[in-house]
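Take a look at the structure below.
The values are calculated or read from the model by the stated rules, or taken from the named source; none is laboratory data. Everything numeric here is computed off the predicted structure, so don't read it as measured data. So basically every Cβ, Gly included, is an ideal-geometry build from the backbone, and we count neighbours across all protein chains shown. Only protein heavy atoms, including side chains, enter the accessible area calculation; ligands, DNA and RNA are left aside. Shrake-Rupley method; radii C 1.70, N 1.55, O 1.52, S 1.80 Å.
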Amino acid sequence: MTREEERRRLEQLALTARSAPIAVRARLLSQSGQAWLAGRLPDRAHAALSMALEVAPDLPDLWVDRAVTLAAARNYWEAIDDLNRALEMQPRYGIALALRAAAYRFVDSLDLAMEDAEEAVRAAPGLPEAYLERGILRRLRGNVAG
C-alpha cells in the first residue's frame with residue numbers, strides 16, 4: 001500500500017466512523033490532515049482539517065493544526081485567524097502563541113510577534129518553539145546574544 005493509499009484510508013475511516021464519538025472522528029480527520037500535509041498536499045490537508053472543524057469546532061488543537069497547514073501554504077493571515085480562534089478557547093496555549101508569533105513575523109508585524117513570543121515563553125516555559133521564535137525575533141531586532 002502506498003502512502004497516498006494510507007492517507008486516503010485514514011480519511012475514509014474518519015468519514016465513515018459515524019458511530020464513533022465526535023472527538024474521535026475529529027481527531028481522525030486531523031491525523032488525516034497531518035498525513036496529507038506530510039505528503040506535501042496542503043490543499044488535501046486543509047480540506048481534512050476543515051472537515052474536522054465542522055465536526056468539532058470547540059477543540060483548539062484542531063484550529064492549531066489547520067493554522068499549521070495554512071502557514072505551510074503561506075496563508076499567514078488565515079493562519080493567524082485560526083490561531084486567534086484557538087486562543088479564544090485557551091488563552092495561554094503556548095504552541096498557539098508561538099505559532100502566531102511566527103505568522104506575525106512572516107507578515108512583518110514584529111511587535112505583535114514579539115508580544116506573542118514572550119507570552120508563549122511565560123505560558124509554556126518548556127516549549128522549545130517559544131524560545132526559538134523569541135530568539136529569531138531578538139536577532140531580527142539586532143540582539144544577537146538574545
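See the values below:
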item: Among [x] 16.5, 55; [y] 15.7, 61; [z] 19.3, 70, the entry derived from the coordinates for Rg and Dmax of the Cα atoms in Å; result: [x]
item: Fully extended contour minus Cα-Cα distance, from residue 72 to residue 90, at 0.36 nm per residue; result: 4.2 nm
item: Simple Cβ-charge dipole of the chain, Lys/Arg +1 and Asp/Glu -1, about Cα centre, in debye nearest 20; result: 400 debye
item: Accessible area (Å², per residue) of the chain, counting only protein heavy atoms and a probe of 1.4 Å; result: 56 Å²
item: Angle in degrees between helix 94-106 and the longest Cα principal axis of the chain, rounded to the nearest 10; result: 70 degrees
item: Vicinal HN-Hα couplings computed from phi for the range 33-39 (Karplus, 6.51 cos²θ - 1.76 cosθ + 1.60; Hz; Gly/Pro x); result: x, 5, 5, 5, 5, 4, x
item: Cleavage-rule hits, trypsin sites (Lys or Arg not before Pro), the range 33-131, DSSP coil, Cβ neighbours within 10 Å at most 13; result: 40, 74, 92
item: Helix axis angle, 42-55 relative to the chain longest principal axis, alpha carbon, degrees; result: 80 degrees
item: Gyration tensor (alpha-carbon) shape descriptor, the range 36-115, a/c threshold 1.5; result: oblate
item: Inter-label distance, nm, simple model (7 Å from Cα along the C-beta direction), residue 138/residue 6; result: 3.9 nm
item: Computed [θ] at 222 nm, helices only, for the chain once each DSSP H run of length n ≥ 4 contributes -39500 (n - 2.57); result: -24500 deg cm²/dmol
item: Percent carbon-and-sulfur accessible area, the range 16-80, ignoring ligands, DNA and RNA, probe 1.4 Å; result: 54 percent
